[in-house]
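A.B. asks: If you scroll down you'll find the structure; I have some questions about it.
The values are calculated or read from the model by the stated rules, or taken from the named source; none is laboratory data. Here the structure is a predicted model, which means the values were calculated and not measured. Cβ coordinates were reconstructed from backbone atoms using ideal geometry, including for glycine residues, and neighbour counts include every protein chain displayed.
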Amino acid sequence: MNSLSACRKHKLFSALLLAASVTVTLTAGALAAEKAPAAHEAPKEKTAAAAMPEMPKPTAEHQWLQQFVGEWKSDAEAYMEPGKEPVRMTGTESVKPLGEFWTISEVKSTMMDQPFTGNMTLGYDPKKKKYIGTWVDSMTGQLWEYEGTVDSTGKILTLNAEGSCPMNPGKMTKFKDVVELKDKNTKVMTSSMLGEDGKWVTMMTSTAKRVD
């Protein structure tokens, strides 16, 4: 009787050890499976990097604008009233690149015996296929916004804008600035306004020479 009881105890003990061993093995396997990524699953960092959109790259049109970068000195004539002699003035322009996409210029002069400062940004919008820009200055409270194109010669940039008519404040009219590159060191700008008769009226011409 004692021998049989001892045998049963031995078998029961062996069964308990086997069950414990299987439980430990299954638990360890489950934990390992949780920690290890599936074979088909990429690491999270690589997946996030792959999902990032490609950064935009400057186009040939952006590169075209870089030829304005530098220091310039200008001689200008402003046509204040029809039939009268133009007002002559001199000024400077400093054009700097903002990365490879934009140029930012600062114009300084004296107008009507008052110091004058203007800032222009120029860039290119590939979606619109237009050159774009802005202008603000120390004599007006308006933010001018440009859209324009370069002609087939690659030498003439025409920028169009809309703003308040200087002869009739409050009335909006069309303006355009045409910048012609005579050579790498000379540029001529003509600013015009669309008159009530549908004809363009020249407001200012400026010839700038590179000094850097």
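A.B. asks: Of the residues Thr149, Thr117, Thr140, Thr173, only one is surrounded by 12 or more Cβ atoms within 10 Å (Cβ to Cβ) and either within 21 Å of Gly70 (Cβ to Cβ) or of a type in the set (Phe, Trp, Tyr) (or both); which? Break it down into steps so the answer makes sense when it comes.
C.D. replies: Details: Thr149 fails: either within 21 Å of Gly70 (Cβ to Cβ) or of a type in the set (Phe, Trp, Tyr) (or both); Thr140 fails: either within 21 Å of Gly70 (Cβ to Cβ) or of a type in the set (Phe, Trp, Tyr) (or both); Thr173 fails: either within 21 Å of Gly70 (Cβ to Cβ) or of a type in the set (Phe, Trp, Tyr) (or both).
Just one listed residue meets the conditions, Thr117.
A.B. asks: Can you confirm whether Ser74 is assigned by TED's automatic domain parsing to the domain that holds Ala161, among the small types (Gly, Ala, Ser), out of contact with any Lys or Arg (no Cβ under 8 Å at 6 or more places or on another chain) and in contact (Cβ under 8 Å) with a residue 24 or more places away in the chain?
C.D. replies: Considered against the rule, which asks whether it is assigned by TED's automatic domain parsing to the domain that holds Ala161, among the small types (Gly, Ala, Ser), out of contact with any Lys or Arg (no Cβ under 8 Å at 6 or more places or on another chain) and in contact (Cβ under 8 Å) with a residue 24 or more places away in the chain, Ser74 comes out as no.
A.B. asks: Then there's this: So which residues in the range 126-141 are farther than 20 Å from Thr158 by Cα and small (Gly, Ala, Ser)?
C.D. replies: Ser138, Gly141
A.B. asks: Return the only residue of Ser191, Ser164 being within 18 Å of Ala76 (Cβ to Cβ) and in contact (Cβ under 8 Å) with a residue 12 or more places away in the chain. Don't jump to the end; show me each part of the working.
C.D. replies: Values: Ser164 fails: within 18 Å of Ala76 (Cβ to Cβ).
Of the residues listed, the single one that is within 18 Å of Ala76 (Cβ to Cβ) and in contact (Cβ under 8 Å) with a residue 12 or more places away in the chain is Ser191.
A.B. asks: Answer with yes or no whether Glu162 is among the charged types (D, E, K, R), surrounded by fewer than 16 Cβ atoms within 10 Å (Cβ to Cβ) and part of a strand (DSSP E or B).
C.D. replies: Details: among the charged types (D, E, K, R): yes; surrounded by fewer than 16 Cβ atoms within 10 Å (Cβ to Cβ): yes; part of a strand (DSSP E or B): yes.
Yes; evaluated as a whole, the condition is true for this residue.
A.B. asks: Suppose we filter the range 120-137 for residues that are in contact with a Ser or Thr (Cβ under 7 Å, 6 or more places away or on another chain) and exposed (fewer than 15 other Cβ atoms within 10 Å of the Cβ); how many remain?
C.D. replies: Of the range 120-137, the ones in contact with a Ser or Thr (Cβ under 7 Å, 6 or more places away or on another chain) are 120-122, 124, 126, 130-131, 133-134, 137.
Imposing the further condition that a residue be exposed (fewer than 15 other Cβ atoms within 10 Å of the Cβ) reduces the set to 126.
Qualifying residue count, the range 120-137: 1.
A.B. asks: Filter the range 140-153 for residues that are outside any strand (DSSP E or B) and within 18 Å of Met193 (Cα to Cα) and give the result. Full working, then the answer.
C.D. replies: Start the filter on the range 140-153 by keeping residues that are outside any strand (DSSP E or B), which leaves 140-143, 151-153.
Passing the criteria: Thr140, Gln142, Leu143.
A.B. asks: Still on this structure, please answer the following. Take the conditions touching a strand residue (DSSP E or B) at 6+ places or on another chain (Cβ under 7 Å), at pLDDT below 95 and assigned to a loop (DSSP other than H, G, I, E, B) and apply them to Asp212. Does it pass? Explain how you work it out, then say what you get.
C.D. replies: Numbers: touching a strand residue (DSSP E or B) at 6+ places or on another chain (Cβ under 7 Å): yes; at pLDDT below 95: yes; assigned to a loop (DSSP other than H, G, I, E, B): yes.
Considered against the rule, which asks whether it is touching a strand residue (DSSP E or B) at 6+ places or on another chain (Cβ under 7 Å), at pLDDT below 95 and assigned to a loop (DSSP other than H, G, I, E, B), Asp212 comes out as yes.
A.B. asks: So which residues in the range 176-188 are under 18 Å from Lys209 (Cβ atoms), in contact (Cβ under 8 Å) with a residue 24 or more places away in the chain and surrounded by 14 or more Cβ atoms within 10 Å (Cβ to Cβ)?
C.D. replies: Answer for the range 176-188, where residues must be under 18 Å from Lys209 (Cβ atoms), in contact (Cβ under 8 Å) with a residue 24 or more places away in the chain and surrounded by 14 or more Cβ atoms within 10 Å (Cβ to Cβ): Glu180, Leu181, Lys187.
A.B. asks: May I pose another question? Output the residues belonging to the range 82-119 that are touching a Ser or Thr at 6+ places or on another chain (Cβ under 6 Å) and free of Cβ contacts under 8 Å to residues at least 12 places away in the same chain.
C.D. replies: none
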